[in-house]
Every structure is written in structure tokens, then in C-alpha cells.
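S.K.: Pasting a structure here, questions to come.
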Amino acid sequence: MKAKNAGLLQIHVAVFLFGLSGLFGKLVTLPAGLIVFGRVVFASIFLILLLVYLRQNIKLNQQRHYVYLAVMGMLLAVHWVTFFLSIQVATVAIGLLTFSTFPVFVTFLEPYFFKEKIRLADIIAALLTLGGVILVIPEFQLNNSVTQGVVWGITSGFTYAVLSLLNRNFAAEYSSLVIAFYEQAAAAILLFPFVFLRPQPVVQVNDILLLLLLGVVFTGVSHSLFISGLKRIKTQTAGIISSLEPVYGIIFAVMLLQEIPTLREILGGLIILGTVVYKSIDAGASSL
């Protein structure tokens, strides 16, 4: 029982940190690409030190796996850049809520990846989530900042869904820490030319400290806690707890940034999060 409680605490702390990571899109006064570059660089350093400390083998079994993980690192970079773009052009709430649509994309992509059947309940859940997203958008005009934020957020959710399905292929062969290290290191390498081959604003000491905090605590530590917690509790339970991620982010955005969601955003968010919770419970039940 103590082990289960410890696992629940680790998952809750990890999800809390995941939720607060979105605030860095507003706190760090740098372009989204530069924020992500700093995040993956510091996270990669933390993860390789952790892997060395744990004496885990980081050598991959096949040469082609390096290529696959590099592609997955590219997807991770796109996911995080679009996530922070969504927050920067709109709000933390918009970025977190629209990113939370990723289970819907998983629903429709999974049958193609793993030859699994799609169910009517999955289609209904997808339509409900779409309804929540429509509620969040005040008006369908691309020059509207909220609409732009929704588009970037949904792109972030889609790329994360693809990345999650690709991770599933490697989860049985490598530890999650090894996969995370290669993905984030690849993302850092891929982002390097885009970040430094074009003019960038002057990076302040405060920005570096925030990126260090984002990369180590809100990425490396949170990821490690989440993985450790999964060893003690069911994935279904972790999935339900993960639904609190946008809740934490929105609450702290209100407290620290005075970003108060509109009634439409709250209603749309409740529909999206309600559907995500349902999908998590349903996935756990169907796997029994």
C-alpha cells in the first residue's frame, strides 16, 4: 500500500510540474523555438547525467533505431514549439486545452499504426472534443489571436499523438529514460541551425535561469517522476490524473499572469477534459 501511495504522489507531482511548464511560454521573453531549444538542451544534460548515475546502457540495439529516434526528436521539437506558440499568441488556457485534444488523434491514428478497430464510442468522444474546441474559439478568423492559438495547440496535440504512438513501438525494447534522452538530444541538434542561423534577441540571465528550471525540474525531473510512478500504479490511473495538467496550468495562469478564462473557454475546457477522462477510464476498462 505504501508503494502505491508513493506512486500516486510521484504521478501527481509530475502532472503538477507538467501543467506549470506552459507558464514559461509567457514568463520567458524569447521566441518559442529558442525556449524549446533551451529546454531540450538542459533536459538532455540532466537525463544523460541521470542515466550515468543509474548505470543504464544508452547504446541502441540497431543502427536504424538512431534514425527513428531522430525523427521522433523532430516531432518532439515541433510539438513543443507549436505548444509554446499557442500560449504566446493566445493564453496558457488555450494552449493547454487544445493540446489536450491529443487522445482524439490517437483514437483515429492507432488503428492504422497497430491494426486495431475503431469503435463508435471513440467517434462520439472525438466529436464531443471537437465541440469543446469549437466553443473555445470566439470567431473563426485566422487574424484572431485565439483562433491562431487554437490552430497551434491542435497541431501540438496532433504531433504529440503521433509521437506517443511511435514511443509505444520502442517502449518494450528501451527504458523510457533512454528514449526521452535520445528524443530531446535529437530535438536540440535539429533546432540548433534554426535557432542560431537567424537573428535572435539578446538572451538575458533571467531567461537562462528560467530555461534551466524548465529543462531540469519541469522536464527532466517531472519525466523521471512520472516514469517511476508508472511502476507502482496503473497506466489508466496515471492517464486520469494527467487530465489535471491543464487545470493546474490555468489556475496558476490566473494567479501569476492574471489570465482569466472566458465562460466559453471554461465550458469548452470542461467538455474536452471530461472526454479525456472518459477516454482514460474506457481505455483501462477495455484492456481488462
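The values are calculated or read from the model by the stated rules, or taken from the named source; none is laboratory data. All of these numbers come straight from a predicted model, not from anything done at the bench. Cβ atoms come from the backbone with ideal geometry, glycine included; neighbour counts cover every protein chain shown.
S.K.: I'd like to check something: does segment 125-137 contain any residue that is of a type outside the set (Ser, Thr, Tyr), part of a loop (DSSP other than H, G, I, E, B) and in contact with a helix residue (DSSP H, G or I) (Cβ under 7 Å, 6 or more places away or on another chain)?
M.R.: Yes, the conditions are met somewhere in segment 125-137.
S.K.: Assuming Trp152 fulfils every condition listed in (1) of a type in the set (Phe, Trp, Tyr); (2) part of a helix (DSSP H, G or I); (3) over 16 Å from the mean Cα position of the chain (by Cα) apart from one, which condition is it?
M.R.: (3)
S.K.: Here is a follow-up. For the condition in contact with a helix residue (DSSP H, G or I) (Cβ under 9 Å, 6 or more places away or on another chain), closer than 30 Å to Phe196 by Cβ, surrounded by 21 or more Cβ atoms within 10 Å (Cβ to Cβ) and aliphatic (A, V, I, L, M), what is the one hit in Ala43, Ala70, Ala14?
M.R.: Going through Ala43, Ala70, Ala14 in turn, just one is in contact with a helix residue (DSSP H, G or I) (Cβ under 9 Å, 6 or more places away or on another chain), closer than 30 Å to Phe196 by Cβ, surrounded by 21 or more Cβ atoms within 10 Å (Cβ to Cβ) and aliphatic (A, V, I, L, M): Ala43.
S.K.: Give me a count of the residues in segment 198-213 that are in a helix (DSSP H, G or I) and under 10 Å from Val28 (Cα atoms).
M.R.: Number satisfying all stated conditions: 6.
S.K.: Check every one of the helices (runs of 4 or more DSSP H) wholly within segment 1-119 and list those with 2 or more residues that are under 17 Å from the mean Cα position of the chain (by Cα) and of a type in the set (A, V, I, L, M, F, W, C).
M.R.: 2-21, 32-53, 63-89, 92-99, 102-114
S.K.: Look through Leu85, Leu69, Leu49 and report the one residue that is out of contact with any Leu (no Cβ under 7 Å at 6 or more places or on another chain), at pLDDT 90 or above and closer than 18 Å to Val217 by Cβ.
M.R.: Leu49
S.K.: Considering only residues of segment 92-108 that are among the β-branched types (Val, Ile, Thr) and surrounded by 24 or more Cβ atoms within 10 Å (Cβ to Cβ), which is modelled with the lowest pLDDT?
M.R.: To start, the set of residues in segment 92-108 that are among the β-branched types (Val, Ile, Thr) comprises 92, 94, 98, 101, 104, 106-107.
Add one more test, that the residue is surrounded by 24 or more Cβ atoms within 10 Å (Cβ to Cβ), and what stays is 92, 94, 98, 101, 104.
On the way: Val92: 91, Ile94: 90, Thr98: 88, Thr101: 81, Val104: 76.
That would be Val104.
S.K.: Next question, about the same structure. Could you tell me whether Ala172 is of a type in the set (A, V, I, L, M), closer than 23 Å to Pro111 by Cα and touching a residue at least 12 places away in the same chain (Cβ under 8 Å)?
M.R.: Answer is no for this residue.
S.K.: When you go through (1) within 30 Å of Tyr112 (Cα to Cα); (2) modelled with pLDDT under 90 one by one for Pro199, which number turns out not to apply?
M.R.: If we test Pro199 against (1) within 30 Å of Tyr112 (Cα to Cα); (2) modelled with pLDDT under 90, just (1) comes out false.
Here's the yes/no breakdown for (1) at pLDDT 85 or above; (2) touching a Leu at 6+ places or on another chain (Cβ under 7 Å):
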{"residue": "Ala186", "(1), (2)": "yes, yes"}
{"residue": "Ile189", "(1), (2)": "yes, no"}
{"residue": "Leu209", "(1), (2)": "yes, no"}
{"residue": "Leu213", "(1), (2)": "yes, no"}
{"residue": "Thr262", "(1), (2)": "no, no"}
{"residue": "Gly268", "(1), (2)": "no, yes"}
{"residue": "Gly274", "(1), (2)": "no, no"}
{"residue": "Asp282", "(1), (2)": "no, no"}
{"residue": "Ala285", "(1), (2)": "no, no"}
